[in-house]
Amino acid sequence: MGYRLIMPFDKKYITPALAIPALCGALLALCFPTPGFSVLAWVALVPFFLTLPRCQNNLQSFKSGFILGLVFFFGTQYWIYHSINHFGHVPLPLSFLLVLLLCLYQSLYTGVFGLLLYLSAKKTKIPTALSAAALWTFIEYLRGVIFTGFPWSFLGYSQWEHPTVIQIADVTGVYGVSFLIVFCNAAAAQTLIGLRERNPRSIISRKPFGLRAGFSALAPAAASVILISLTLFYGRMRIAQIDAGEFFDAASPVSISVVQGNISQDKKWDGRFQGEVMDTYEGLTLEAQKNVLKNAPKDAPKNTDTQPPVRVPAHLPPRLIIWPETAVPFAYLSDKELTGRLNVFQKSLGANLLFGSVMIRGEEGGRYLLTNSAVLLTPDGKIGYVYNKIHLVPFGEYVPLSKLLFFVDKLVAGIGDFQEGENFRPARTPDFTFGVHICYEIVFPALVGRFYKDGGDFIVTITNDAWFGATTGPYQHFSMAALRAVENRKFLVRAANTGISGFIDPAGRVTTKSALMERTVITKNIFRGKVTSFYTAYGNIFVYLCGLFCALILIRTRGR
């Protein structure tokens, strides 16, 4: 082999090769909500980078990365079983098996990461910290776009509660935070390997990770300190600018009410509960307006499900009222009776009303063609804007490769097939402009950013997280929205059926939020954005640079 692989431990004390990647995957999973031990992200991968050089061949390095990903993805995405089991009526063991299959697929990406990093270390002199960070970032991006993409469990989301760290996302997107985390982990491992040799420069001659000639053992640690310092400096500067009102129009606030109906999924489409669902949303909306106008909280509307009392903070009269995804229990415009009821009610509000609804667009082969839509009604009762969900949920709203997978039905037992929208145009009123993102569209950075290239005042996302139940899913979903606010430098408003609803400022800080599984209304002032961030304007430039760097690694290791 020409050189011995250096480890900071004696061989007899080394944990079996695949146990350490599994441990690292578990530590990474703990970084995400819940429990959200985010500080672990900065050290969780260190043991993985220490043991990777001990791999005897390419296959073993792939296995190491694969096991890391399998534990990590299952630990952060196990909650998907709830939808499959409770609403898809799939037996519990099979539900977990289907989640495991999804995680096995995603683990292929981390397996490729382990393999390419191993080859880079053996065949190139590229600093491992840089190789690891670029490879992880670009592969993470690919996982979010290939086969429609599933951009969940990105490392950068683990830092959502640390505003100073995530401010770089307005340039790099969430991917820049992932890059920084992996770089620091790999740099720490490099430093430990060098210190193990006592003579720091012996790391060059032994080349455990192939560092460039002349690098000392402390150089990776120094580089990570510099990167973190620059990140924190940039973060403090941006937060100071936001607090000073430089990114939005502080002179003209917009008052918005978010209604969280907390309607259980089994009631949502049961015709026996249509009236009750409409009564709930109308009652909460009227109570919110009454309390706002009187500038004092009043008694809550009647609770039919022994919900805790509705909390309505005193505020200015709302100019926009937002109901969640598929809030209305009927197909808007197609059900004439309930559509008429909603229109009459909305005209009495004197405010814009945005709500989610299924809409019927036609019929084909005996099945309705549906859209998952957001409808804006203006104060005079007219339809001012309709947005049809663009990025549909595979197996939830449509079956990918349906001609091949003809035996697979959608998780959502429905009477039609959902059609994807094509319009990236934001909603415009005489007073403000905003983009609408339905459900898990908010987790796609580039998709969200497209709505604000020509401006836009704030971000609205509506969702129905009743599918996830009281698992960690709703908490993770909410945390990811914070990065969209930072990337686009906009206030973000979130309306969720069962929670978590809330308001997030352009620094990614949560200003107000609801609890999970409560019936409530939140009213708050936000401000209209007046800048276009670098990320909004230019998209994933940082990711593409990482991709070019990965191409260089592939070229240098092509013989392997």
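Throw me the Rg/Rh for segment 45-183, computed over C-alpha atoms with Kirkwood Rh, two decimals. Walk me through the intermediate numbers first.
Working: Rg = 16.4 Å, Rh = 16.1 Å.
Expressed as Rg/Rh, it is 1.02.
Peptides 503-513, 271-281 ordered by packing proxy, namely the average of other Cβ atoms within 10 Å per residue, highest first: 503-513, 271-281.
Bear in mind these aren't lab numbers, they're just calculated from the coordinates by the rules spelled out. Everything quoted here is computed from the prediction, not taken from an experiment. With ideal geometry, Cβ positions are generated from the backbone for all residues, glycine too; neighbour counts draw on all protein chains shown.
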